[in-house]
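Notes follow once the structure below has been shown.
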Amino acid sequence: MTGSGQSTARRSWSPGDSVAAAVEGELALLTPGVRADPAEAARLLDPEFTEIGASGTLWTRDAVLAALPTFEDAGTPGAEVLEMTGTLLAPGWVQLRFVTVRGQRRARRTSLWRLAEDGERWRMYFHQGTPASDT
């Protein structure tokens with residue numbers, strides 16, 4: 001307890017809850033509504049976030065937040081997500097691997113999610129997309 005009488009205990013995350021929270025965040029970031037809202041996207045990206053896009057471009061957090069609203073129309077459907085798997089790598093770190101399909105474009109993706117310092121929420125720390133031709 002703090003001097004104000006509030007508990008300082010941090011939430012305890014099970015491996016399954018950790019992976020589920022990362023998957024929930026990942027799927028949210030893939031929705032047109034979140035992608036069109038920089039403030040909502042910022043809530044899901046770690047302050048140290050970086051991405052290597054399917055194009056090979058290295059993106060910073062600020063660059064991604066500025067570009068997300070231009071990537072697609074909020075009225076268009078998001079990417080189809082296939083083969084989502086998640087692994088707790090260490091306490092506070094989750095890796096997700098999955099495939100996205102947008103029209104004829106297919107990409108294999110991986111992301112690392114880090115538990116925020118407050119211990120209450122998960123944020124994407126790193127993401128990489130690689131074009132895939134396999135079916």
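The values are calculated or read from the model by the stated rules, or taken from the named source; none is laboratory data. Keep in mind that this is a model prediction, so the values were computed, not measured. Here the Cβ is made from the backbone with ideal geometry for all residues, glycine too, and neighbour counts use every protein chain on show.
Looking only at region 94-101, decide whether some residue is β-branched (Val, Ile, Thr), in contact with a helix residue (DSSP H, G or I) (Cβ under 8 Å, 6 or more places away or on another chain) and within 30 Å of residue 12 (Cβ to Cβ). There is at least one residue in region 94-101 that is β-branched (Val, Ile, Thr), in contact with a helix residue (DSSP H, G or I) (Cβ under 8 Å, 6 or more places away or on another chain) and within 30 Å of residue 12 (Cβ to Cβ). May I ask you to verify whether residue 70 is of a type in the set (Ser, Thr, Tyr) and assigned to a helix (DSSP H, G or I)? Yes, satisfied. Residues in region 98-113 that are over 10 Å from residue 129 (Cα atoms) and either free of Cβ contacts under 8 Å to residues at least 60 places away in the same chain or in contact with a Lys or Arg (Cβ under 6 Å, 6 or more places away or on another chain) (or both): 101, 102, 103, 104, 105, 112. Among the residues of region 69-80, not a single one is under 26 Å from residue 117 (Cα atoms) and either surrounded by 16 or more Cβ atoms within 10 Å (Cβ to Cβ) or in contact with a strand residue (DSSP E or B) (Cβ under 6 Å, 6 or more places away or on another chain) (or both).
For region 100-129, filtered to residues that are among the β-branched types (Val, Ile, Thr) and surrounded by fewer than 17 Cβ atoms within 10 Å (Cβ to Cβ), the residue that is modelled with the highest pLDDT is 110.
Restricting attention to region 90-112, the residues that are within 22 Å of residue 61 (Cβ to Cβ) and not in a strand (DSSP E or B) add up to 1.
For region 6-20, the set of residues classified as of a type in the set (Ser, Thr, Tyr) and either touching a helix residue (DSSP H, G or I) at 6+ places or on another chain (Cβ under 8 Å) or part of a loop (DSSP other than H, G, I, E, B) (or both) consists of 7, 8, 12, 14, listed by residue number.
When the residues of region 21-57 are filtered to those that are in a loop (DSSP other than H, G, I, E, B) and not polar (S, T, N, Q), the one that is farthest from the chain's Cα centre (by Cα) is 56.
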